[in-house]
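Each remark here refers to the structure printed beneath this line.
Every read-out reported here was derived from the displayed coordinates using simple, explicitly stated rules and does not represent laboratory data. Values in this document were obtained by computation on a predicted structure and should not be read as measured data. In this analysis, Cβ positions are derived from the backbone assuming ideal geometry, glycine residues included, and neighbour counts consider all displayed protein chains.
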């Protein structure tokens, strides 16, 4: 298959639909449970369990990622994942309350296993769809960042709007429809160029891929910074609630802070589309991470709501740029035979780190909401300084293949 027209707009359409479905799933499930059980502690617990069932299976992503690197046409498993996501999510929604809760949880968990292919798996196909020059690749990565921002901000907002005007079940079914539409859009993409030597016997296993990533200085740095930043910024929604209380404001102020971060993320995504990042990703990542650390510290120190909103928005902008740098690092340093697995490994560990960050923030915020922000800022700052010293000392090694690839097309 494959339609006419420029591949990038078709990719953006497919990725936006897939990530709207993935990004809005949690709020849809929580609203679905609340609509049936009411605002009770038991409903909150059940909603949280379903949300965990949707996100936790992302950890299984590396176990299914090899399929993307083995098949001759990676569009097929990604489209199949979109269809399975739509079917399982729609079934879970339509049968919720009619079947035992463990059955609903199992359906949601099966939905969650498709998530890695809708995120990292789809991103791993982008380098082969655009020109091999650095500027073209970076601009495409900026568009990819925008689709993630769209899914993470517009997705939940759209679910809330549809749930308010209709029902939570209707909103959830709209997400299933978006995932199904994404499958068709994926199949309309051109097939990526074949990767030389990519027969199943030469594609590494999941365990071999993580060893390869840890052995490559550039991929190892990508993994470390991705996980540390994800863990740190995950504290922002938790800290927002505590910040509102600390400043003596209404709880709605916490929502304003979270919205400011989401808006900043979208603005940052637009910025990297218009002005693609320049320079080596291995140096861009520590630089943006250090600025994110300053943003986190500013959110902890700001005594006024307006300053907090500005700090949250700035941190969102910086995080979008940082994410674009990590996509560039994965694209330019992942070996062709394990490209999909590298993307999905990093995405899975990023989500895991974010979950850990949310948990730690909840525990630390009971003492002072500023503690998780300052702790995250300090951790990122230490890593950024260490990376800068390593670069200045000239000890940074090249990639595992012995050179730094400039282009990002599969096979390089």
Spin-label pair residue 205/residue 305, simplified geometry with 7 Å Cα→Cβ offset, distance in nm = 5.7
task = Sort out for me the Cα centre separation of segment 323-342 from segment 52-74, rounded to whole Å.
result = 15
Overall Cα dimensions of segment 61-181 - principal axes, largest extent first, Å = 53, 33, 19
query = P(r) tail for segment 107-244, what percent of Cα pairs lie past 17 Å?
reply = 77
message = Using a Gaussian network model on the chain with a 10 Å cutoff between Cα atoms, which of 264, 115, 242 fluctuates the most?
response = 242
key: Hull volume in cubic angstrom per residue (convex hull over the Cα atoms of segment 165-308)   = 222
inquiry  = Over the chain, with a Gaussian network built from C-alpha contacts below 10 Å, which listed residue (137, 390, 76) shows the highest mean-square fluctuation?
reply    = 390
ask   = With the contact rule set at Cα under 8 Å and sequence spacing of 6 or more, what percent relative contact order holds for segment 204-398?
value = 40
ask   = Under a GNM of the chain (C-alpha, springs under 10 Å), which listed residue has the highest mean-square fluctuation: 138, 392, 221?
value = 392
note = The extension gain from residue 393 to residue 157, computed as 0.36 nm times the residue separation minus the Cα-Cα distance, is 80.3 nm
inquiry  = Just want the ordering: 327, 284, from fewest to most Cβ atoms lying within 10 Å of their own Cβ.
reply    = 284, 327
query = For segment 234-334, what is the per residue volume of the convex hull drawn over the alpha-carbon atoms, in cubic angstrom?
reply = 85
key: Helix-only [θ]222 nm of the chain, DSSP H runs n ≥ 4, -39500 (n - 2.57) each, per residue, nearest 500   = -24500 deg cm²/dmol
ask   = Out of every Cα-Cα pair in segment 38-123, what percent are more than 16 Å apart?
value = 55
request  = Normalising by the residue count of segment 208-280, find the relative contact order in percent from Cα pairs under 8 Å and 6+ residues apart.
outcome  = 17
Semi-axis lengths (Å, descending) of the ellipsoid that matches the C-alpha gyration tensor of segment 204-398 = 31, 17, 16
query = Spin-label point model (7 Å from Cα, Cβ direction): what's the residue 35 to residue 80 distance in nm?
reply = 3.2
query = Sorting 243, 55 on the 10 Å Cβ count, fewest up front, what's the list?
reply = 55, 243
message = On alpha carbon coordinates alone, what is the Rg over Rh value for the chain, Rh being the Kirkwood radius?
response = 0.96
inquiry  = Give me the percent relative contact order of the chain, please, defined on Cα pairs under 8 angstrom at least 6 residues apart.
reply    = 26
key: Between segment 291-314 and segment 118-144, the Cα center-to-center distance that results, in Å   = 31
